[in-house]
């Protein structure tokens, strides 16, 4: 998403953080705290494809997952669908524990001077619309996405809870002093993204609300630093009645949680239904499968310009 040449000059990580791989300190490189381990994360665009996993001496299980110290990885599946079990190296009869997906990092660009700074934290749909939101708000704000890189972005709510501290920092560990975090979780807790088969990639709908509540508690605690928050309700799955009905259920759960914390919500579901028609729809904006769940190009641009950017602008500059 970002060109490394656009990054700031070399920058030392904060105290207690060390750049992974013995590389020179830079915002383009990943650093991890002393309480964590540098482990390969293939979706990280940093030099060396590094990510962080909590715990000292963690063991890499390949490209995406890791196990705690004192265990060995037993993998099933392949590629990004890998699932790791962690077997004790000292007591093979001990029950295995699940491996975890390695945490991705937050946005890499330095905070813009003289403008507002906005962080969009979410899944691959949010990766798609972020450039259009940035373009629409370019006169007043720099809009970046967390995590930095591709794949499913911030994935399911449990992965967001696990990795939140990293997602709210630059890759070098510097806290992102943004004016607004616009965040969203939902699709990766539905069947459209595997529904519970791959921890760190997908989870069941029943495990959506708890992690979302807990990660929001953590974020609300950071308001002392002046950070604003807004939650985006999940976009539709236009071609599937059952999955979209589940999206609506999760949106209702999210609204209840956000109301309890006083976090404003933005409905991204209803405007798309109004534009494209009721579920099921095979296409919209001339694209087959549009908003099922992605809508590349025209759909993302329309949603950014009609719904997301105006709401963020109003939040940043209330009348």
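Computed values, structure above
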item	result
Gain upon complete extension [residue 242, residue 197; 0.36 nm per residue less C-alpha separation]	14.3 nm
Relative intensity, log₁₀ I(q)/I(0), of the stretch 61-209 from a Debye sum that treats every alpha carbon as a point, q = 0.21 Å⁻¹	-1.23
Residue order, fewest to most surrounding Cβ atoms within 10 angstrom, among 17, 291, 148	17, 148, 291
Overall form of the stretch 143-240 per C-alpha gyration tensor (a/c, 1.5; a/b vs b/c)	prolate
Listed peptides 125-136, 308-319, 209-220 by packing density, highest first (mean Cβ within 10 Å)	125-136, 209-220, 308-319
The stretch 7-101 - convex hull of the alpha-carbon atoms, volume per residue in Å³	85 Å³
Pairs of alpha carbons in the stretch 177-319 whose separation is greater than 21 Å (percent)	47 percent
Neighbour-count order for 52, 86, 163, fewest beta carbons within 10 angstrom listed first	86, 163, 52
Relative contact order, percent, the chain [alpha-carbon distance under 8 Å, six or more residues apart]	14 percent
MRE, 222 nm, helices only [DSSP H, n ≥ 4, -39500 (n - 2.57), over the chain, to nearest 500]	-7500 deg cm²/dmol
Neighbour-count ranking [beta-carbon atoms within 10 angstrom, fewest first] of 85, 90, 202, 207	90, 207, 85, 202
Calculated P(r) tail over 31 Å for the chain, as whole % of Cα pairs	30 percent
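All of the numbers you see were taken from the coordinates with simple rules; none came from a lab. All figures in this text were calculated on a predicted structure; none of them were measured in a lab. No Cβ is skipped: glycine too gets one built from the backbone with ideal geometry, and neighbour counts run over all protein chains shown.
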